[in-house]
Amino acid sequence: MRGANHSPVLVNFCHLGTILRVVLAVEGALLALTWAASDSLAHAWRRYFELSALAQPALMLTLIVLCLAGPYLKPRPYRQAMAGYALAALLTPLASAWGLNVLLPGVLGVEPLRILAFSAALAVLLLGYFHLRGLALSPAIAEARLQALQARIRPHFLFNSLNAVLSLVRAEPRRAERALEDLAELFRALMADNRDLVPLLDEVQLTRAYLELEQLRLGERLHVAWHIDKMPQDALIPPLILQPLVENAVYHGIEPHRSAGEIAIHIYRSRDQVHLRVTNPYAPEGSHHRGNKLAMQNIRERLALHFDLDATLKSELIGAVYQVHISLPYTRATRSGQSSAGR
């Protein structure tokens with residue numbers, strides 16, 4: 001199988017989803033230990049809150065160290081990187097406990113060997129979990145999932161595009177020829193290897209080509225407003241994210257109306273996040289918004305494959321306007337060809 005020899009995906013301790021999983025695991029372990037060692041519920045809760053208050057600073061410091069170590073460990077072989085994470089997960093909480101004991105002697109009430117054993121057990125369990133999760137998100141499996149998700153989008157998209165071209169073949173052959181060139185570009189994008197992130201500018205150009213085809217079919221009924229003056233030119237995003245949103249806006253917001261409607265596309269950067277916002281008219285009569293759920297779920301899953309919980313997709317009805325808003329980390333290509341988060 002193609003890509004079967006890929007190493008598991010290395011965990012990124014800077015991702016919000018990873019941080020939440022680690023915090024919940026540590027708190028759950030502390031709660032289980034205090035309940036097992038206490039003879040009453042009141043004593044268990046009191047001891048748990050005491051230990052949690054002492055463990056949180058060490059945990060936050062450990063997560064910061066793991067996050068900062070990521071860019072240095074990622075280029076190394078997978079086993080070396082995981083060993084580096086394990087070493088940091090052991091030494092950082094032990095050093096934090098030692099420092100706290102120097103500043104506030106006797107406040108811990110726990111022997112250093114117990115702290116080391118607790119840290120070692122959690123490090124093994126968590127790194128084992130992230131190893132199994134990395135296997136599930138390996139490039140071979142991720143490629144198959146991405147292709148399966150994208151296959152659900154292609155039929156509707158290609159059907160509409162072909163209809164737009166066919167409507168021009170006899171009446172306006174030159175315009176049909178230009179439309180076929182746009183369609184060829186769309187086919188090229190669909191046939192490309194879509195495992196990796198792509199330049200945001202390429203996704204914008206793909207969406208423009210799609211809208212030009214739809215403009216041929218819908219004429220004056222379709223108005224498009226681009227607001228991309230603050231768009232980060234070097235940003236990377238998952239492929240086929242913007243175009244399906246705009247396709248949904250045409251299908252659900254323009255087609256049901258007999259009068260003209262406007263689709264607005266806003267792309268901008270705010271701090272370390274890239275925002276893509278698409279708005280279209282809402283048509284309660286004859287609208288296809290219920291069929292929109294599958295496409296939204298497809299995009300949401302693809303965002304999760306690349307960014308875990310750091311990317312969000314929200315859709316809402318604001319008066320007579322339907323809005324879809326995607327927020328994802330600002331990622332750009334490095335000189336070595338790998339992607340890196342913007343700072």
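Here are the numbers:
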read-out	value
Some residue of segment 206-223 being farther than 28 Å from Ala320 by Cβ and not small (Gly, Ala, Ser)	yes
Hits in segment 15-24 - residues which are surrounded by fewer than 17 Cβ atoms within 10 Å (Cβ to Cβ) and either free of Cβ contacts under 8 Å to residues at least 60 places away in the same chain or under 24 Å from Gln80 (Cα atoms) (or both)	Leu16, Gly17, Val23, Leu24
Pairs where the first residue, in segment 293-317, is over 13 Å from Pro239 (Cα atoms) and the second is of a type in the set (Ser, Thr, Tyr) and not in a helix (DSSP H, G or I), C-beta under 7 Å, 6+ apart	Met296/Ser315; Ala311/Ser327; Thr312/Ser327; Leu317/Tyr282
All positions within segment 29-49 that are assigned to a helix (DSSP H, G or I) and surrounded by fewer than 15 Cβ atoms within 10 Å (Cβ to Cβ)	Ala32, Trp35, Ala36, Ala37, Leu41, Ala42, His43, Trp45, Arg46, Phe49
Boolean, Leu236 is touching a residue at least 12 places away in the same chain (Cβ under 8 Å) and at positive phi	no
Number of positions in segment 319-343 that are modelled with pLDDT under 90 and either touching a strand residue (DSSP E or B) at 6+ places or on another chain (Cβ under 9 Å) or surrounded by 15 or more Cβ atoms within 10 Å (Cβ to Cβ) (or both)	9
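Residues checked against (1) modelled with pLDDT of 85 or more; (2) closer than 21 Å to Gln243 by Cβ; (3) out of contact with any Cys (no Cβ under 7 Å at 6 or more places or on another chain):
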{"residue": "Ala264", "(1), (2), (3)": "yes, yes, yes"}
{"residue": "Ile267", "(1), (2), (3)": "yes, yes, yes"}
{"residue": "Gln273", "(1), (2), (3)": "yes, yes, yes"}
{"residue": "Asn298", "(1), (2), (3)": "no, yes, yes"}
{"residue": "Asp310", "(1), (2), (3)": "yes, no, yes"}
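Table: residues versus (1) more than 30 Å from Leu197 (Cα to Cα); (2) part of a helix (DSSP H, G or I); (3) at pLDDT below 80.
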| position | (1), (2), (3) |
| --- | --- |
| Arg114 | yes, yes, yes |
| Gly128 | no, yes, no |
| Leu135 | no, yes, yes |
| Gln150 | no, yes, yes |
| Arg154 | no, yes, yes |
| Val169 | yes, no, yes |
| Asp182 | no, yes, yes |
| Leu186 | no, yes, yes |
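The values are calculated or read from the model by the stated rules, or taken from the named source; none is laboratory data. All figures in this text were calculated on a predicted structure; none of them were measured in a lab. Cβ sites come from the backbone with ideal geometry, for glycine too, and all protein chains shown count toward neighbours.
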